[in-house]
Amino acid sequence: MRPSCQARWAHDASRCCKIGGVSAPVVTEIPPLLADAVSVAQAAVVESGEGPVGAHLGVEAVDEASAIHRFAADLPGYGGWQWAVVVAAPPGSETVTVSELALLPGPDALVAPTWVPWDERIRPGDLAPGDLLPPRHEDVRLVPGYLATGDPAVDDVALELGLGRKQVMSREGRLEAAERWAEGDFGPDSPMAKAAPGTCVTCGFYLALQGSLSAAFGVCGNELAADGHVVHAAYGCGAHSDTEGPTGAGSPAYAAYDDGALETTPTENTEPQNTEPRNTEPRDTEAVTDITESSSTL
């Protein structure tokens, strides 16, 4: 919205009128004085100097003393926007006054999407080297962790349990992560898992996590499979450590092809014919006669 028009709103709560679309009392009839004030509303837009005014799009009632006239806004870059002009006249009045004027988007106008806070716009994969991404304020995924007491016997046990940090994941955070991992590409319902001969929990490359997540998740250590990814215990792939290869010294999986059993099919004679043109030039009869006479005299 243009700056000079952005603040032109109707704030009269007694009339329940707000040009931005707030519902108003139902009025079935528009007073003729307000309905016929098209030229007054149009002149108000022209006098504002905000931009050209297009065709009149209609009028709608606000209450028994006011109405809104709408005009097409022929402004570059504001396709589908409308000039909204509020005109008012108290009952019994013979003149109309202009109360508000604003440039508003119509039903087919191109408008900016609803604003989303930055922490909700971040998606997996957006974090680049050098970027800083602090957790959300009062993040429910984190809870205060164990703080060192100075007692080696106590602190060593805490560090072994993963508590020697300022914050640790809360129960809500662990549940969110577990649900996300289970529904991902390395979960039990993925196409790879459904076609696998075994599950990760029985695989030698499966490295179980610590803590409460160890019952259902681990990390794959097979460089030819899901190496380095968190996998569900019920996930699986064809690279399971118990997978057995075909027996024999490289024998094929199918019987050898018997190239001695051939099927013959008769075909037409397709031998190439001599297509060279025959020599049809006339022979030299005099030369032939000379050769014949010479051979008779010998």
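The values are calculated or read from the model by the stated rules, or taken from the named source; none is laboratory data. Since the structure is predicted, the reported quantities are computational estimates derived from the model, not experimental observations. When the accessible area is computed, the model is the full protein with side chains, heavy atoms only, and any ligands, DNA or RNA have been set aside. Shrake-Rupley method; radii C 1.70, N 1.55, O 1.52, S 1.80 Å.
Based on a Kirkwood Rh over C-alpha pairs, give the Stokes-Einstein translational diffusion coefficient of segment 19-121 at 37 °C and viscosity 0.692 mPa s in µm²/s. Display every interim value, and only then the final one.
On the way: Rh = 14.8 Å.
Result for D is 222 µm²/s.
With a 1.4 Å probe and all protein chains left in place, how much accessible area per residue does segment 158-247 have, in Å²?
Details: 5830 Å² over 90 residues.
Accessible area per residue: 65 Å².
Each residue was assigned an accessible area with a 1.4 Å probe, and for PHE186 the value is about 50 Å². Calculated on C-alpha atoms, the gyration radius of segment 180-228 divided by its Kirkwood radius gives an Rg/Rh of 0.93.
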